[in-house]
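The values are calculated or read from the model by the stated rules, or taken from the named source; none is laboratory data. Note that this is a predicted model, so its numbers are computed, not measured. Don't worry about glycine lacking a Cβ; one is built from the backbone with ideal geometry, like all the others, and counts go over all protein chains shown.
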Amino acid sequence: MKEKLVEKAKEILDANFQEGGFTIPCKGLYPFQWKWDSGFIAIGLAYYNVKNAKAEIETLLNAQWENGFIPHIVFHNESDTYFPGADFHLSKLHPLASKEYRSTGMTQPPVTGFVLQEMLKIADDKKDMLGFIKSQIDKVYDNHKYFYSNRDINNEGLVYIYHNWESGTDNSPIWDDIWKTMNPPEYSFERRDTTHVDASQRPSKREYDHYLHIIEIAKANNYDDVKIAELSPFLVQDPLFNAMLIKSNTALIELYEKIGNNADKVAQLKSWQEKSIKGFNAKLYDEELGAYVHYDLRNNKPIRFVSSSSFSPLYAGIPDKERAAKLVKTMMDKFGGEDKYLCASFDPESDRFNPKKYWRGPVWINLNWMLYYGLKDYGYAEISERVKQDSIALIENDGFYEYFDSRKEIRKTETGGYGGNNFSWSAALLIDLLH
Ligand code: 9WN
């Protein structure tokens, strides 16, 4: 069974790999290269196709802007099966945008640092992989420098995101209260996602109006970071995003130390890291909820909801042992019942929970993958094993979907896989989990 699943996963990754040297997340639905997808995909590829794994990362980093920014989507081709595309985002408005690649003017969680480290762990030929890393690592360092120089506006070691698409958890109920502070125009546009996937599993038209409106504001200011920080109605410190940055800092420090001769960069990374971990624990932990939460910088208040992002700091070594124990208790109490697969993307006890809709409840394999390793590192062998086995069972029973229903019992009458099928990161991370 294991061999068959891995074989199928490889078939999916191979079919989604494109001539331009990158992998689409899913045929039709997502026809370009996405930043954090690319990272997870490269981990899976590293097990059996080192050439493609390297190409994946190199192609993404080739699209980096002169200020170190790495965009969330790189539009390598002219596909019109996705909205909003290159002509809407107009990255060229920013003076330092890539001249060669069209992209969005927003980013996604900074996973590339820890992905490079994973690739080194996986590679048989360590010398060859370290050589590759040496050729790419400064670009990732520059990306972290971009974040700390432009997005830590209060100098507290925490960077902001200015759009829900930057979070990667696009329509999470976390953002609902922010939408209430906005009243965007009713744009007319042609959605493409709902031609590929059941509309009930995707964000609503009104939610898209909000998403587009934030971009219109950023575009009117040529994607200038200072202006965005001043004007964007959406400005959030996201625990998942910041945990990814912290995890990648750790990876860059260790990789630079292996490479040698980079004492200045190591010192800088260590200083960012110290401040970030301190700021993270001081600001984003909610004692009463026993979980990390988002902070709404625009409206100056914590967003007090528990989601799978709340537990992602385990993957980055952020909580101390005592706090980690509280996090695990919260996770198991709310998300861990025997009738459920771990780990729903949003608090199943909340009235905002929706088990079928995208980031409002379904299980996502990339978050599970992080939780598996995080829990394992903190010594929760049994629970981490359950996260792993649940992830495998979901894919085995339902298929290589984009997201999954956490309720076990619904499978008596229907399938529990939702969104796009033959989804690349579900395939790539399964290869890692089954290794
Ligand atoms: C917008 C590609 C991306 C993922 C995100 C996921 C979804 C896009 C969309 O697909 O977002 O970026 O159009 O819905 O939420 O995490 O990177 O797989």
Q: Give the residues of segment 71-113 that are touching a residue at least 60 places away in the same chain (Cβ under 8 Å) and more than 25 Å from L235 (Cα to Cα), sorted by residue number.
A: D80, T81, Y82
Q: Please work out which one of (1) buried (at least 22 other Cβ atoms within 10 Å of the Cβ); (2) in a helix (DSSP H, G or I) is the condition N397 fails and give its number.
A: (1)
Q: Name every residue in segment 66-76 that is in contact with a Phe, Trp or Tyr (Cβ under 8 Å, 6 or more places away or on another chain) and more than 15 Å from the ligand (Cβ to nearest atom), in order of residue number.
A: N67, G68, F69
Q) Is there a residue in segment 35-50 that is acidic (D, E) and within 20 Å of the chain's Cα centre (by Cα)? A) yes
Q. Could you say which residue among F88, F83 is touching a helix residue (DSSP H, G or I) at 6+ places or on another chain (Cβ under 9 Å), in a helix (DSSP H, G or I) and farther than 21 Å from L130 by Cβ?
A. F88
Q) Somewhere in segment 350-365, is a residue within 21 Å of I303 (Cβ to Cβ), surrounded by fewer than 20 Cβ atoms within 10 Å (Cβ to Cβ), at pLDDT 95 or above and within 16 Å of the ligand (Cβ to nearest atom)? A) yes
Q) Out of curiosity, is E156 within 30 Å of E274 (Cβ to Cβ), touching a helix residue (DSSP H, G or I) at 6+ places or on another chain (Cβ under 8 Å), among the acidic types (D, E) and not in a helix (DSSP H, G or I)? A) yes
Q. Would you pick out the residues in segment 13-27 that are over 17 Å from I43 (Cβ atoms) and either of a type in the set (D, E, K, R) or within 16 Å of the ligand (Cβ to nearest atom) (or both)?
A. A15, Q18, E19, C26, K27
Q. If you take the residues of segment 321-363 that are assigned to a loop (DSSP other than H, G, I, E, B) and out of contact with any helix residue (DSSP H, G or I) (no Cβ under 8 Å at 6 or more places or on another chain), which of them is farthest from A393 (Cα to Cα)?
A. D351
Q. Hey, any hits in segment 64-78 for a residue that's more than 18 Å from the chain's Cα centre (by Cα) and part of a helix (DSSP H, G or I)?
A. no
Q | Index of the failed condition, E3 passing every other in (1) out of contact with any helix residue (DSSP H, G or I) (no Cβ under 6 Å at 6 or more places or on another chain); (2) within 12 Å of the ligand (Cβ to nearest atom); (3) over 21 Å from D142 (Cβ atoms) | A | (2)
Q: Go over the candidates K376, K388 one by one and state the one that is surrounded by fewer than 22 Cβ atoms within 10 Å (Cβ to Cβ), away from the ligand (no atom under 16 Å from the Cβ), part of a helix (DSSP H, G or I) and without any contact (Cβ under 8 Å) to a residue 24 or more places away in the chain.
A: K376
Q: Kindly check whether there is at least one residue in segment 255-276 that is assigned to a helix (DSSP H, G or I), out of contact with any Ser or Thr (no Cβ under 8 Å at 6 or more places or on another chain), aromatic (F, W, Y) and surrounded by 24 or more Cβ atoms within 10 Å (Cβ to Cβ).
A: no
Q | Identity of the residue in segment 401-423, over 17 Å from Y358 (Cβ atoms) and touching a residue at least 12 places away in the same chain (Cβ under 8 Å), that ends up surrounded by the most Cβ atoms within 10 Å (Cβ to Cβ) | A | N422
Q | Positions within segment 173-219 being assigned to a helix (DSSP H, G or I) and among the charged types (D, E, K, R), in sequence order | A | D176, D177, K180, D193, K205, R206, E207, D209, E216, K219
(Q) Quick check on this structure: which one of E156, E186, E166 is within 12 Å of the ligand (Cβ to nearest atom), modelled with pLDDT of 95 or more and of a type outside the set (G, A, S)? (A) E166
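Here is a yes/no grid of residues against (1) acidic (D, E); (2) surrounded by fewer than 21 Cβ atoms within 10 Å (Cβ to Cβ):
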position	(1), (2)
I303	no, no
S310	no, no
L314	no, no
I318	no, no
E322	yes, yes
A325	no, yes
K329	no, yes
D333	yes, yes
E338	yes, yes
Q | Restricting segment 97-114 to residues that are surrounded by fewer than 24 Cβ atoms within 10 Å (Cβ to Cβ) and over 23 Å from I217 (Cβ atoms), the residue that is nearest to the ligand (Cβ to nearest atom) | A | Y101
